[in-house]
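Structure first, commentary second.
The values are calculated or read from the model by the stated rules, or taken from the named source; none is laboratory data. Keep in mind that what you see is a predicted model, and the values were worked out from it rather than measured. Methodologically, a virtual Cβ is constructed for each residue, glycine included, from the backbone with ideal geometry; neighbour enumeration extends over all protein chains shown.
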There are 2 protein chains.
Amino acid sequence: MLDYAPDLDRVFQALADPGRRAMVERLSRGPASVSELGKPMEMSLAAVLQHVRVLEACGLVHSSKVGRTRTCSINSAALRSAEDWLADRRAMVERNLDRLGVFLAATADDPDPASDAQERR
Amino acid sequence: MLDYAPDLDRVFQALADPGRRAMVERLSRGPASVSELGKPMEMSLAAVLQHVRVLEACGLVHSSKVGRTRTCSINSAALRSAEDWLADRRAMVERNLDRLGVFLAATADDPDPASDAQERR
């Protein structure tokens, strides 16, 4: 069964770019204007704005314009949705490893009676 | 400063596809052959194998071939690296919101002495 969650598709796609991750990193410390976001990157303002649009489209970022300044802020709920998806999968992997550990421990304590009988011959 | 972590680029890129997320979901419950991975999806074996290659390239999945069967298993460390990146960002957002809350509470308790003086006139 496919997991058709368009938001997760777009959130992961947005985070696959190191420039956009750097913007998310900056915005996690507080709101910033588009030009502030672009400052540490060697990127035109138009390119920064394009990345901001991608981050907005998937819900990771909100922005609003006052006068000529567009201010961006992060939406932690979108970060959380991606984090939760990963945490759920990892928890499942670890649960299965734990079960395997219990099974192997039980097998070690209780050896196969057939091979035991053979050894006694 | 850009965050040049090629593995995260590839991990998030791999997870942006719902078919590959379904495979990760399946593998989080235990190892599976390529044909088992493809069974719930209307996809050719070649297409499934191509997705497996993407998941292997970013370290999310390991596979090994015995006879004609390629068996895939998940690498929870790669899931964890992406989860940790998201968790760190979200923790930063929440810390800043907490600080803002403390600041606003302090401001409410201690109103501006200048406006206070004006009110007393």
Residue match in region A:3-18 (condition: touching a helix residue (DSSP H, G or I) at 6+ places or on another chain (Cβ under 9 Å), at positive phi and at pLDDT below 95): no
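For region B:12-113, list the helices (runs of 4 or more DSSP H) that sit wholly inside it and hold at least 2 residues that are among the polar types (S, T, N, Q) and in contact with a Gly (Cβ under 9 Å, 6 or more places away or on another chain); which are they? Working first, answer last.
Details: elements: B:18-27, B:34-38, B:45-57, B:76-109.
The helices (runs of 4 or more DSSP H) meeting that bar are B:76-109.
So which of A:M23, A:M92, A:M41 is under 18 Å from the mean Cα position of the chain (by Cα) and at the interface with chain B (Cβ under 7 Å from one of its Cβ atoms)? Write out each step before concluding.
Numbers: A:M23 fails: at the interface with chain B (Cβ under 7 Å from one of its Cβ atoms); A:M41 fails: under 18 Å from the mean Cα position of the chain (by Cα).
After applying the criteria, what remains is A:M92.
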Set B:R95, B:R99: member being farther than 26 Å from A:A16 by Cα, modelled with pLDDT under 90 and among the basic types (K, R): B:R99
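Could you list, in sequence order, all residues of region B:6-16 that are acidic (D, E) and either touching a residue at least 60 places away in the same chain (Cβ under 8 Å) or more than 7 Å from chain A (Cβ to nearest Cβ) (or both)? Give the derivation first.
Taking region B:6-16 first, the residues acidic (D, E) are B:7, B:9.
B:D7 - this is the single residue of region B:6-16 that is acidic (D, E) and either touching a residue at least 60 places away in the same chain (Cβ under 8 Å) or more than 7 Å from chain A (Cβ to nearest Cβ) (or both).
Pick from region A:61-86 the residues that are among the aliphatic types (A, V, I, L, M) and either out of contact with any strand residue (DSSP E or B) (no Cβ under 7 Å at 6 or more places or on another chain) or more than 23 Å from B:R95 (Cα to Cα) (or both): which of them is farthest from the other protein chains (Cβ to nearest Cβ)?
Once the filter is applied, the top-ranked residue is A:V66.
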Number of the condition not met by B:R53 [criteria: (1) in contact with a strand residue (DSSP E or B) (Cβ under 7 Å, 6 or more places away or on another chain); (2) under 22 Å from B:F12 (Cβ atoms); (3) modelled with pLDDT of 95 or more]: (1)
